[in-house]
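Worksheet: the structure to be examined is printed underneath.
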Amino acid sequence: MELEELEMISNKVKFGIVIIGLLGGLFLVLHYVIYPNLATGETRYLLWKSILETLFSSLSVAVILGGLLVWASPKKMKIGEFKVLQPYQINNHHRECRTNTHEWWYDGGSGRYTRDITLPSLMNLCEEQHRTMHVCIYILDPRDENVCRMYATYSNLVTPGNVVTQSNVKCDLLATIIAAYFYGRTLNIDVYLKNHFSIFKREFSDNMVLVTREDRTKPGVVYSKGSDFYDAYKMELEQGRKLYTHLDRQVSWGDDLQRCEDISKQHIRQLLALLNLSVNITDIELDMIQKFVSSKTSPYIR
């Protein structure tokens, strides 16, 4: 049984005990103080009449005051509108939400989990159900050296022993963009680039908004549709369309590709040139991008 249910039952029991105590005290006062002589039926009648009148008056006042308090008090979030997910629960919840949505939004850092897990699963779902889906991805701008350096520093901080460099972040971001254009042949994907990062990652579907962190050992929070937080996050995500750099969605590229693993270095150079994202990429970085694109073993175990 959930902790909230136990607490609710406990409060109800306490409330019942208080009411019984008050009624018992009222009866004793009436019996021994106000009406000490109960020998006749008339006094018994007056006693019970007084008890009922007092009880009715008390309940009426309580109902009125309770209604005023509820009306004047700030609205509380309903039970079930949000839930804290432990790290081992996030992956299964993420999978469940992916299979029951007609849109998906991602707002985070490099989008590695989105590239390796989310996009392939959404593509498979749409192919099985013979439909399409709108996907909106907000990631860091790989051309912004400062934000890439800051993100690398933060990643090393939350993952001790990890060695992430500015170059790693840039290649990771470019790999996510390339994967988005590959899966965009089935999904309607919009990619936006931003010049700031948050320690939180937000993923939005028809039913929920999931908030997690880069640190895989930390819990996440999921807000259900209909809650104030769900609506607020959706509004904030939509504002991103006006604030961030939108990549050209109509770029025709890679029609000969059958699998994401088939993307070659030439394909990568061609797409980045079309998108004006050729940011002084070295041969080593090109190899790294190709490796990131073809890999489906994301280290982010969520």
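General remarks:
- The condition of being of a type in the set (A, V, I, L, M, F, W, C) and closer than 18 Å to residue 115 by Cβ holds for only one of 222, 191, that being 191.
- Residue within region 244-256 that is assigned to a helix (DSSP H, G or I) and surrounded by 11 or more Cβ atoms within 10 Å (Cβ to Cβ) present: no
- Some residue of region 212-226 being under 27 Å from residue 167 (Cα atoms) and within 12 Å of the chain's Cα centre (by Cα): yes
- Scanning region 252-302 for residues that are modelled with pLDDT under 90, among the aliphatic types (A, V, I, L, M) and either more than 34 Å from the chain's Cα centre (by Cα) or farther than 22 Å from residue 195 by Cβ (or both) yields a total of 3.
- So residue 261, is it open to solvent by 50 Å² or more (accessible area, probe 1.4 Å), within 15 Å of residue 202 (Cβ to Cβ) and part of a helix (DSSP H, G or I): no
- For residue 117, the stated conditions do not hold, so it cannot be described as β-branched (Val, Ile, Thr) and at pLDDT 95 or above.
- Of all residues making up region 84-100, the number that are out of contact with any strand residue (DSSP E or B) (no Cβ under 9 Å at 6 or more places or on another chain) and either modelled with pLDDT of 90 or more or of a type in the set (Val, Ile, Thr) (or both): 1
- Contacts under 7 angstrom Cβ, first residue in region 277-291 being farther than 19 Å from residue 112 by Cβ, partner of a type outside the set (Gly, Ala, Ser) and buried (at least 19 other Cβ atoms within 10 Å of the Cβ), 6 or more apart: 278/272
- The requirement of being touching a strand residue (DSSP E or B) at 6+ places or on another chain (Cβ under 9 Å), open to solvent by 40 Å² or more (accessible area, probe 1.4 Å) and farther than 17 Å from residue 269 by Cα is not satisfied by residue 162.
- In region 166-182 there is no residue matching the filter, namely being open to solvent by less than 60 Å² (accessible area, probe 1.4 Å), part of a strand (DSSP E or B) and of a type in the set (Asp, Glu).
- Residue match in region 108-122 (condition: within 18 Å of residue 239 (Cα to Cα) and touching a helix residue (DSSP H, G or I) at 6+ places or on another chain (Cβ under 6 Å)): yes
The values are calculated or read from the model by the stated rules, or taken from the named source; none is laboratory data. What you see is a predicted model; the values in this text were computed from it and never measured. Using ideal geometry, Cβ is built from the backbone for each residue, glycine included, and neighbour counts are taken over all protein chains shown. All accessible areas refer to the heavy atoms of the entire protein, side chains included, with ligands and DNA or RNA removed. Shrake-Rupley method; radii C 1.70, N 1.55, O 1.52, S 1.80 Å.
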